[in-house]
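Asks: Quick one: the structure is below, and I'll ask about it shortly.
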Amino acid sequence: MATRTFKLLHVVGTRPNFMKVAPIMAAARCWNEAPAPERAVSDVTFRQVLVHTGQHYDQRMSEVFFDELGLPQPDHYLGVGSGSHAEQTARVMLAIEPTLVAESPDLLLVVGDVNSTLAAALVARKLGIAIAHVEAGLRSQDRDMPEETNRLLTDQLSDMLFTTCRDADKNLLREGIPSRRIHFVGNPMIDSLEAHRRKIDASTIVRELGLIPGGYAVVTLHRPSNVDEPEGLRRLARTLRRLADRIPLVFPLHARTRARLAEFGLIEGLEREASLRLIEPLGYLDFVALMQEARLVLTDSGGIQEETTVLGVPCLTLRHNTERPVTISEGTNRLVDPDDAAAIQGAVATVLSTPALRDLHRPEGWDGRASERIVGDIARWLAGGCAGSPEDKSRQGA
Ligand code: UD1
């Protein structure tokens, strides 16, 4: 039987995209290299194209991840940079349209919930290009969060919706997405963690920072709701300074957070605290190594809630809601009101007075093999087994 080669076009734009796309591209390469009889769909292979929108552009927010995660150099770099939501989304749309027209992929793959994700999906839909959304169906139910809009709309635009947890399936069904489009596959971000375990374990970052394993906490903050308002950020900074009396803190600063702390005159106060270390953003391997040895993590990130769950490290999420409730019901995560200093102090005290628990229970499908399942489902779908796929449409003369 002749081999059919389908073109997959992957879009990355920001830091949290890289660790989701890398294992999917690797799984598709493995698929190509496997002997045909061993493939679930023996006559299908892939050609892959990578587009980087350039939403994140600093070396420490972007390039380092390509090196560490084995992502190929992008075939197209759109260089959209920073801006308001409208500017950023519009720039990605304008820049990606000719790229999609020229490449004419059989499937666009987008991940997560950032502006680049929605912008690429919107353009592809109107060009009649099929779309797969990885990490579909997550909902915080908080419409003030820009990512919630990106999630809702990207899911409505997509043909294949890959979910990381069963509650995401339910969210999608509730929003009227037909069940045949929903593919529960597990969590590809955990694939990256598993694929790089050895290198993570070999990281010397904890020693380099002079920290004692199990004797420090990691802090990350970057949500606009936590860092963009002077009063809120001042309160959080004060709380961190108090916490540093109880346990040493390491705080790798996201570009947005560093800019806001500087703007509101809060950097110096934090730098004066002997047991609070402000550091530059870390690469993937060092950051996971730092989390792995931490006594606890305080964060407002989405992905970190998932990684701490798999690492068995307590996570206090400084938000009112989470789109990842499975990290609470089955993992190590707990929500804490970011505006309530006493609640944060209390939650930290509770963690510190509870014996360190490395409970390695994992949510279903967070097993390091989600990308394989994604690639297998894509092959079956593109081969025409599923309604709505390009092969199916051409059969029906659509
Ligand atoms: C974006 C995503 C967010 C994700 C986060 C991960 C959206 C709506 N938000 O937020 O979901 O959790 O990425 O980091 O897509 N900047 C730099 N260098 C960079 C990137 C940004 O200096 O490489 C600065 C710019 O001043 C920019 C600010 O950081 O204005 C924010 O960057 P932006 O991409 O707009 O949003 P993030 O806060 O990073």
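Asks: Grab the Cα-Cα distance for ARG242 and THR3, subtract it from 0.36 nm times how many residues apart they are, and report the gain in nm with one decimal.
Replies: Computed gain between ARG242 and THR3 is 79.7 nm.
Asks: Can I ask one more? Could I have the simple spin-label model distance between GLU263 and LYS126, label points 7 Å from Cα toward Cβ, reported in nm to one decimal?
Replies: About 3.0 nm separates the two model spin labels.
Asks: Anyone know which of GLY331, GLY176, GLY81 comes out most mobile in the 10 Å Cα GNM of the chain?
Replies: Comparing GLY331, GLY176, GLY81 in a Gaussian network model of the chain, the most mobile one is GLY176.
Asks: Can you give the FRET efficiency for ASP367 and ASN32, using 1/(1 + (r/R0)^6), R0 = 22 Å, r = Cβ-Cβ distance, to the nearest 0.05?
Replies: It comes out at approximately 0.45.
Asks: Beyond 27 Å, how much of the Cα-Cα pair distribution for the chain remains, as a whole percent?
Replies: 49 percent
Asks: So, one more: Using Cα-Cα distances under 8 Å and only pairs 6 or more residues apart, what relative contact order does segment 107-211 have, in percent?
Replies: Dividing the mean separation by the residue count of segment 107-211 yields 23 percent.
Asks: Determine the relative contact order of the chain: mean sequence separation of Cα pairs under 8 Å and six or more apart, normalised by residue count, in whole percent.
Replies: Once normalised by length, the contact order is 16 percent.
Asks: Which whole-number value in Å² is the accessible area per residue of the chain, probe 1.4 Å?
Replies: Value for the chain: 41 Å² per residue.
Asks: Something else now. Rounded to the nearest percent, how much of the accessible area of segment 198-352 (1.4 Å probe, protein heavy atoms only) is carbon and sulfur?
Replies: C and S fraction of accessible area: 49 percent.
Asks: Give the calculated FRET efficiency between ASP337 and ARG256 to the nearest 0.05, with a Förster radius of 30 Å applied to their Cβ-Cβ distance.
Replies: So the FRET efficiency works out to roughly 0.90.
Asks: Using only Cα atoms, locate the centre of segment 235-300 and the centre of segment 23-52, then give the distance between them in Å, rounded to an integer.
Replies: Answer, in whole Å: 40.
Asks: Turning to a different aspect of this structure: Using all Cα-Cα distances in segment 1-123, what percent lands in each 5 angstrom bin from 0 up to the longest?
Replies: 2, 11, 21, 22, 17, 13, 7, 4, 2, 1, 0
Asks: Moving to a separate point now. Between ASN321, VAL288, PRO230, whose Cα lies farthest towards the positive end of the dipole of segment 198-352 when Lys and Arg beta carbons carry +1 and Asp and Glu beta carbons carry -1, centred on the Cα centre?
Replies: Most positive-ward Cα: VAL288.
Asks: Hey, what D do you get for segment 198-352 in µm²/s if you plug the Kirkwood alpha-carbon radius into Stokes-Einstein at 20 °C and 1.002 mPa s?
Replies: Here the translational diffusion coefficient equals 139 µm²/s.
Asks: Enumerate the amide H contacts of THR220 below 5 Å, restricted to partners 5 or more residues apart or on another chain; note that Pro and chain-start residues carry no placed amide H.
Replies: So THR220 has HN proximity to LEU298, THR299, ASP300.
Asks: For the chain, modelled as a Gaussian network with Cα springs under 10 Å, which listed residue fluctuates most, VAL351, VAL336, VAL111?
Replies: VAL351
Asks: Related question: Using a 10 angstrom cutoff on alpha carbons, build the Gaussian network for the chain and name the most mobile of CYS165, CYS315, CYS30.
Replies: For the chain, modelled as a Gaussian network with Cα springs under 10 Å, the answer is CYS30.
Asks: Give the total of Lys-Lys pairs in the chain with Cα-Cα distances below 26 Å; include a pair only if its members are 8 or more places apart or on different chains.
Replies: Close lysine pairs found across the chain: 7.
Asks: Let me ask something else about it. Counting alpha carbon pairs within less than 8 Å and at least 6 residues apart, what relative contact order, in whole percent, applies to segment 198-352?
Replies: 25 percent
Asks: Report the FRET efficiency, 1/(1 + (r/R0)^6), for ALA356 and ALA86, where r is their Cβ-Cβ distance and R0 is 51 Å, rounded to 0.05.
Replies: It comes to 0.65.
Asks: Can you grab the distance from the C-alpha centre of segment 325-387 to the C-alpha centre of segment 100-135, Å, no decimals?
Replies: Answer, in whole Å: 26.
The values are calculated or read from the model by the stated rules, or taken from the named source; none is laboratory data. Bear in mind that the values here come from a model prediction, so they are computed numbers and not experimental data. Positions of Cβ are generated from backbone atoms using ideal geometry, with glycine treated the same way; all protein chains shown enter the neighbour counts. For accessibility, only protein heavy atoms count, side chains too; no ligands or nucleic acids. Shrake-Rupley method; radii C 1.70, N 1.55, O 1.52, S 1.80 Å.
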